[in-house]
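To start, the structure itself, in structure tokens.
The values are calculated or read from the model by the stated rules, or taken from the named source; none is laboratory data. Values in this document were obtained by computation on a predicted structure and should not be read as measured data. Backbone-built Cβ (ideal geometry, glycine too); neighbour counts: all protein chains shown. The area values use the complete protein model at the heavy-atom level, side chains included, leaving out ligands, DNA and RNA. Shrake-Rupley method; radii C 1.70, N 1.55, O 1.52, S 1.80 Å.
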Amino acid sequence: MAAKIKKGDLVEVVRGRTSNEKQLAERNARREAEGLAPLTPGDKGKQGRVIKVFPAEQKVLVEGVNLKTRHVRQGQQGQAGGITTIEAPISIAKVALVDPETKKPVRVGFREEVVERDGRKRTVRVRVTRGGAKRGITAGKEL
């Protein structure tokens, strides 16, 4: 699974709490009627570039997604302290690669191609899209 996502890829969060204002307002209205605290918006539907991949932990660091607040102490060499927001790693299972042309999440497969490099033939695995004809995504397109 980690082989499908690389540094610099555009990904979208497909699982987790929604960031859709309308859905969240409906859900919070029901929760308020039951006497529960309202839910905060999540990251579902947000897109961003992959900053770093952690294959051992099956996690990725995505720009602008899963932001956490961090309290930083002032350093001795004049480093400023204060409150900063940083990205935290998110599970690979919660993100999907995005087709750069249609800006929609796609499923990914692999195709093996024989490429000649330096006078030698080598087999290379290439990422390609799978299915999605109903949503206007052509299968077998290289990512």
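Is it the case that A80 is touching a residue at least 60 places away in the same chain (Cβ under 8 Å), loosely packed, with under 13 Cβ neighbours inside 10 Å and out of contact with any Phe, Trp or Tyr (no Cβ under 7 Å at 6 or more places or on another chain)? Don't jump to the end; show me each part of the working.
Details: touching a residue at least 60 places away in the same chain (Cβ under 8 Å): no; loosely packed, with under 13 Cβ neighbours inside 10 Å: yes; out of contact with any Phe, Trp or Tyr (no Cβ under 7 Å at 6 or more places or on another chain): yes.
Against the criterion (touching a residue at least 60 places away in the same chain (Cβ under 8 Å), loosely packed, with under 13 Cβ neighbours inside 10 Å and out of contact with any Phe, Trp or Tyr (no Cβ under 7 Å at 6 or more places or on another chain)), A80 does not qualify.
Within region 1-19, which residues are over 30 Å from R111 (Cα atoms) and either open to solvent by less than 70 Å² (accessible area, probe 1.4 Å) or free of Cβ contacts under 8 Å to residues at least 12 places away in the same chain (or both)?
G16, T18, S19
Here are some residues: G45, G35. Which one is of a type outside the set (A, V, I, L, M), over 22 Å from the mean Cα position of the chain (by Cα) and more than 20 Å from I86 (Cβ to Cβ)?
Every option except G35 fails the conditions.
Would you be able to tell me the number of residues in region 31-66 that are under 24 Å from V14 (Cβ atoms), outside any loop (DSSP other than H, G, I, E, B) and at pLDDT 90 or above?
Counting residues in region 31-66 that are under 24 Å from V14 (Cβ atoms), outside any loop (DSSP other than H, G, I, E, B) and at pLDDT 90 or above gives 13.
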